[in-house]
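To start, the structure itself, in structure tokens.
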Amino acid sequence: MRQVRRNVFETNSSSCHSLTLIKGGDLQSSCLEVSDEDLIKIHGGEFGWEVEQYTGQESKLQYLFTGIRYQNEANDIINSIWFKWLNEMIFEYTGHELHPIEKDSWCEWGYIDHQSIGELDEIFIKDEQTFKENAKWFIFGSESYFITDNDNH
């Protein structure tokens, strides 16, 4: 069996995230929670050193949403082109818009460990169609997932 890994880098950071995006297979129906206002409320997550495999749609959406923060130098998630495209894709797929909510924590839009933010580069392509397709397969694809880990064990 041959495994091809693109855009892989090594650092001395102790956190390591990996993202698996599989196009093909099955797209699952949305199981994202819809509010009484007919919106999908979303906030950034905190993804650091924990050892976890995330397969749920909400977690994958949170990771992608949190990653938008790092693609925009001004940290202006709401007005970024990636949030606009993500919101459009979610609406096209679910019929509901995203409603971002700031967290009441030290990092209001969430956090991805500094050495792991590069994992989203394959999804954050500055082409609308490619971004939407990748985001759809990452969030709703039955075989797509991401893992957070560290080298302290």
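The values are calculated or read from the model by the stated rules, or taken from the named source; none is laboratory data. From a predicted model like this one, the values you see are computed outputs, not experimental measurements. All Cβ positions, even for glycine, are placed from backbone atoms using ideal geometry, and neighbour counts span all protein chains on display.
Just one residue in the set 91, 83 is within 22 Å of residue 113 (Cβ to Cβ), surrounded by 13 or more Cβ atoms within 10 Å (Cβ to Cβ) and of a type in the set (Phe, Trp, Tyr); that residue is 83.
Among residues of the stretch 100-121 being in contact with a helix residue (DSSP H, G or I) (Cβ under 7 Å, 6 or more places away or on another chain) and under 18 Å from residue 20 (Cβ atoms), the one that is modelled with the highest pLDDT is 112. Scanning the stretch 10-42 for residues that are at pLDDT 95 or above, within 19 Å of the chain's Cα centre (by Cα) and in a loop (DSSP other than H, G, I, E, B) returns 28, 29, 30, 31, 32, 33, 34.
Within the stretch 64-77, is there a residue that is touching a helix residue (DSSP H, G or I) at 6+ places or on another chain (Cβ under 8 Å), at pLDDT 95 or above and farther than 21 Å from residue 15 by Cβ?
Initial filter on the stretch 64-77 (touching a helix residue (DSSP H, G or I) at 6+ places or on another chain (Cβ under 8 Å)): 64-65, 67-68, 70-72, 75, 77.
Then keep just the ones that are at pLDDT 95 or above; that gives none.
Looking for residues that are touching a helix residue (DSSP H, G or I) at 6+ places or on another chain (Cβ under 8 Å), at pLDDT 95 or above and farther than 21 Å from residue 15 by Cβ, one finds none in the stretch 64-77, hence no.
When the stretch 125-152 is filtered for residues that are among the small types (Gly, Ala, Ser), surrounded by 15 or more Cβ atoms within 10 Å (Cβ to Cβ) and more than 23 Å from residue 49 (Cα to Cα), the ones remaining, listed by number, are 135, 141.
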